[in-house]
Amino acid sequence: MNTPPVASESVLLHNPLFDPAKRWPAPDPAVWAFHRRMPAYLATTLFDCPGLAQRYGVGRVLVKAETQRLGLPSFKILGASWATYRALCDHLGFDPEPWLNINDLARRISYLKPFGLAAATDGNHGRAVAFMARLLGFHCHIFVPAGTVPARIHAIQNEGADVTVVDGDYDAAVARSAEEASNRCLVISDTSWPGYDVTPRRVVEGYTTIFMEIDQALRAAGVGEPDAVIVPVGVGAFMSATVGYYRSRPWKGALIGVEPADANCVQVSARAGEMTPVPGPHRSIMVGLNCGLPSPVAWPKVSTGVDWMIAIGDERARQGMRELAEAGVVAGETGAAALGALAALHDDAAAEEFRASGLLGPDKTLLVLVTEGATDRGNYQAIVGRPPEEVGTILSLAR
Ligand SMILES: Cc1ncc(COP(=O)(O)O)c(C=O)c1O
């Protein structure tokens with residue numbers, strides 16, 4: 001594969017807070033059992049990418065493509081759906097089992113109506129909550145920060161939700177959404193605040209389905225566990241699910257988190273030894289990762305369970321998109337960050353210490369988490385040089 005040279009702007013940290021003795025409870029199998037009853041549930045594809053393995057000098061590069069998940073173009077629906085279900089159980093005061101599928105569940109709890117869900121979002125989470133509300137026959141109110149691109153707003157409205165643009169940033173949208181809580185409306189936030197952390201924890205729990213599917217696919221293919229897993233990090237909720245899963249057992253592999261260069265709040269916090277804000281503006285094209293403070297719910301797992309943290313520039317994300325396209329995977333800017341990180345780990349002077357760890361050897365299997373499909377057709381074509389339809393299957397692309 002012929003890759004053009006790219007700017008070396010990455011910053012690497014071998015996490016000083018990593019604790020190899022730390023173990024977390026085994027994942028709850030009820031999460032996957034729940035997702036399997038969602039409409040059109042299918043495990044997402046785990047791609048084996050020999051071209052990428054050759055390019056990076058490793059035995060295997062596996063790409064888990066969360067580019068189409070339960071009818072939406074990102075992994076976020078896994079967290080939103082499970083958190084909504086658990087919040088509903090709490091609201092009802094009982095678990096409405098046994099139900100066969102979401103339609104059946106919706107029928108069983110239809111007496112709650114009129115009933116609604118609310119959330120704040122800068123994109124994927126809000127759309128996922130709106131999607132869940134539609135399945136359950138509830139109304140939905142989503143709050144977005146000022147400046148949210150119209151395509152993202154329309155995608156949420158297309159799920160039937162009311163969208164309010166809050167005059168302020170993401171935190172202002174979160175604060176506004178919290179005001180919606182009532183006995184007729186559940187707030188499904190993936191961000192915690194004092195007194196509200198149960199639902200954000202369940203959002204994290206919901207992501208474990210991804211790792212259960214990966215294990216199942218590896219077992220079926222007779223392939224061993226990965227030696228390293230590369231995960232995009234915004235506030236760290238997804239990474240905390242990764243830590244919770246892999247660090248619940250005596251796995252010897254390494255977890256690697258990737259952030260944008262100017263929104264590397266997890267890396268800066270790990271270096272400082274405590275949660276530390278990285279003030280904006282955060283202007284990366286990896287918009288889902290433009291976060292200035294780790295999630296307090298995620299921090300205990302992320303701080304102790306991640307081995308390496310790398311902050312990369314946008315050109316690495318673009319490179320990741322192009323290389324994934326060659327492997328037939330349509331990934332957007334945020335979605336491709338983990339492959340961009342692999343390029344930086346392989347090529348950048350700043351990653352010398354990582355290369356010395358031996359994780360890029362010919363006997364190693366690397367697992368790359370691609371968390372989002374193409375979100376903007378124009379940008380995709382400008383970066384990859386081909387429209388997404390020519391590269392692979394796409395879903396719900398904003399026009
Ligand atoms: C596509 C995508 N990938 C990764 C992330 C990072 O997840 P987290 O904020 O839980 O670290 C996000 C967050 O919004 C996202 O939208």
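Where a number appears in this text, it was derived from the coordinates with a stated rule and is not lab data. Everything numeric in this text was worked out from a predicted model, so none of it was measured. Cβ placement follows ideal geometry from the backbone for every residue including glycine, while neighbour counts extend to all protein chains displayed.
For the stretch 273-286, putting each phi into the Karplus relation 6.51 cos²θ - 1.76 cosθ + 1.60 with θ = phi - 60° gives couplings of x, 7, 4, 9, x, 10, x, x, x, 9, 10, 5, 6, 7 Hz, in residue order, rounded to whole numbers and with x for Gly and Pro.
Among 113-121, 339-347, sorting by the average number of other beta carbon atoms lying within 10 angstrom of each residue, highest first, gives 339-347, 113-121.
Projecting the Cα atoms of LEU12, GLY305, PRO279 onto the dipole axis of the chain, where Lys and Arg carry +1 and Asp and Glu carry -1 at the beta carbon, places GLY305 farthest toward the positive end.
A straight Cα-to-Cα reach below 26 Å connects LYS301 with the lysines LYS22, LYS64, LYS76, LYS252, LYS364, residues fewer than 8 places away in its own chain not being considered. Axis of helix 76-92 versus longest Cα principal axis of the chain: the two differ by about 30°, to the nearest ten degrees.
Per-residue 3J(HN,Hα) values for the stretch 344-359, derived from phi via the Karplus relation 6.51 cos²θ - 1.76 cosθ + 1.60 with θ = phi - 60°, read 5, 5, 7, 10, 7, 4, 5, 9, 3, 4, 5, 4, 5, 6, x, 6 Hz in sequence order (x marks Gly and Pro). Relative to the dominant Cα principal axis of the chain, helix 237-246 is inclined by about 70°. Of the residues THR191, THR365, THR199, the one with the fewest other Cβ atoms within 10 Å heads the list, and the complete ranking is THR365, THR199, THR191.
Residues in the stretch 12-23 carry Karplus couplings, in order, of 10, 9, 8, 4, x, 8, 4, 10, x, 8, 6, 10 Hz; the curve used is 6.51 cos²θ - 1.76 cosθ + 1.60 with θ = phi - 60°, and Gly or Pro positions show x. Sorted ascending by nearby beta carbons within 10 Å, beginning with the fewest, MET132, MET38 become MET38, MET132. Charge tally around GLN319: other residues with Cβ under 13 Å, Lys/Arg +1 each, Asp/Glu -1 each, net -4.
Taking other C-beta atoms within 10 angstrom as a stand-in for reagent exposure, PHE354, PHE18 fall in the order PHE18, PHE354, fewest first.
Tally Lys/Arg at +1 and Asp/Glu at -1 over every other residue whose Cβ is under 11 Å from the Cβ of ARG152; what's the total? Walk me through the numbers on the way to the answer.
On the way: positive: ARG127; negative: ASP122, ASP376.
Net of charged neighbours comes to -1.
The residues neighbouring LEU12, those whose beta-carbon lies less than 13 Å from its own, together hold a net charge of -4 under the Lys/Arg +1, Asp/Glu -1 convention.
Could you give the nm distance between label points at ALA146 and LEU92, where each point is 7 Å from its Cα heading toward the beta carbon? It works out to 4.2 nm between the two label points. The C-alpha atoms of the chain define a longest principal axis, and helix 314-326 lies at about 90 degrees to it.
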